[in-house]
Amino acid sequence: MATINPTQTTAEPAAAQSEKPLSFWKRSHYLDRMTLGQLVSAYFQHYTIVAYLGMAVLSLAIFALSPTTPFRGAAAVGAAVVVYPLVWHLLHQYVLHGRWAYKLKWLSATWKRIHYDHHQDPNHLEVLFGALHTTVPTIFLATVPLGALIGGAGTGNWRMALGGAALAFAAGILTTCYYEFMHCIQHLAFKPKWKWVQFQKQRHNEHHYWDEDGNFGITNYAFDRILGTYYEKKDRPKRSPTVFNLGYTEDVAVHYPWVKALSGGVIASGHPRRRALGKEVGAQAEGARGTAA
């Protein structure tokens, strides 16, 4: 008599269940192995983008119910779009690349997730997108007070102020969506046709593969030029030894071990492709020893 597995459905045999492919975002995705079409599909399926678009629609609905004047609304959007690159640059340079976040145990996991993991393997799509619990409050703080002030807070009209704040927040959210998509493009294995995108891609790749201490912009390098962090590869003839670990080295981990522990006890320093090749060769050697035994 056959034994019935209580987890097995009558419509789907156990063998079929075990071979059932994982859902889209339970699988790993690497931009250097994806086409543009695959990226677009993945982009609009990622929960952060879905959440951003939902928040943008909600914000626009709030603006529709509590509008400010067209001039004030346009000014609120313009201010949000101008302020966003500056806020992003400062956070990228002084927080994400600041060598202090990993020293705080309570902050080390967040720093690892939102930036260290991305520099460890820049093409790994799952860790390229920002985390909602850090991006949304940042966007809110950078845009909502400014939008409220421009929208009408200074006049005492709080309905107009609400509309300006909602419109500025929507602009910040949609700018974030644009940043995230262009960030993906900069790691995608294809050459853009547009010169300005090629320029962005080159600068960002230098940030990831040559020297992490510069070129902090994603789509806008104006503040890199203003703040003295803009460079081209020819300007820095030597590769940074910490370009893949952001200065979190074995020596640092002796005193601040939390990121290393969360990374499986490993701090990677070489190019991610060479590391992947090394793992593959190691796995093949281990399999060969197992067969021989």
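Applying the Kirkwood pairwise sum to the alpha-carbon positions of the range 29-287 produces a hydrodynamic radius of 19.9 angstrom. Averaging Cα coordinates gives a centre for the range 29-84 and one for the range 229-275; these two points are 32 Å apart.
Among the trypsin sites (Lys or Arg not before Pro) in the range 96-194, those placed in a DSSP loop whose Cβ has at most 13 other Cβ atoms within 10 Å are R99, K193.
Suppose R0 equals 51 Å. What FRET efficiency, 1/(1 + (r/R0)^6) with r the Cβ-Cβ distance, do E232 and L58 give to the nearest 0.05?
On the way: r = 42 Å, r/R0 = 0.82.
So, using R0 = 51 Å, E works out to roughly 0.75.
Just flag the chymotrypsin sites (Phe, Trp or Tyr not before Pro) in the range 104-198 sitting in loop per DSSP whose Cβ has no more than 15 other Cβ atoms within 10 Å. Here the sparse-neighbourhood loop sites are F190, W194. Taking Cβ atoms as reference points and 13 Å as the exclusive limit, the residues near T134 contribute a net charge of +2, counting Lys and Arg as +1 and Asp and Glu as -1.
Computed from the coordinates by the stated procedures, all read-outs in this text should not be read as laboratory data. Treat the numbers as computed from the prediction; the structure is a model and nothing was measured. Virtual Cβ from ideal backbone geometry, glycine too; neighbours counted across all protein chains shown.
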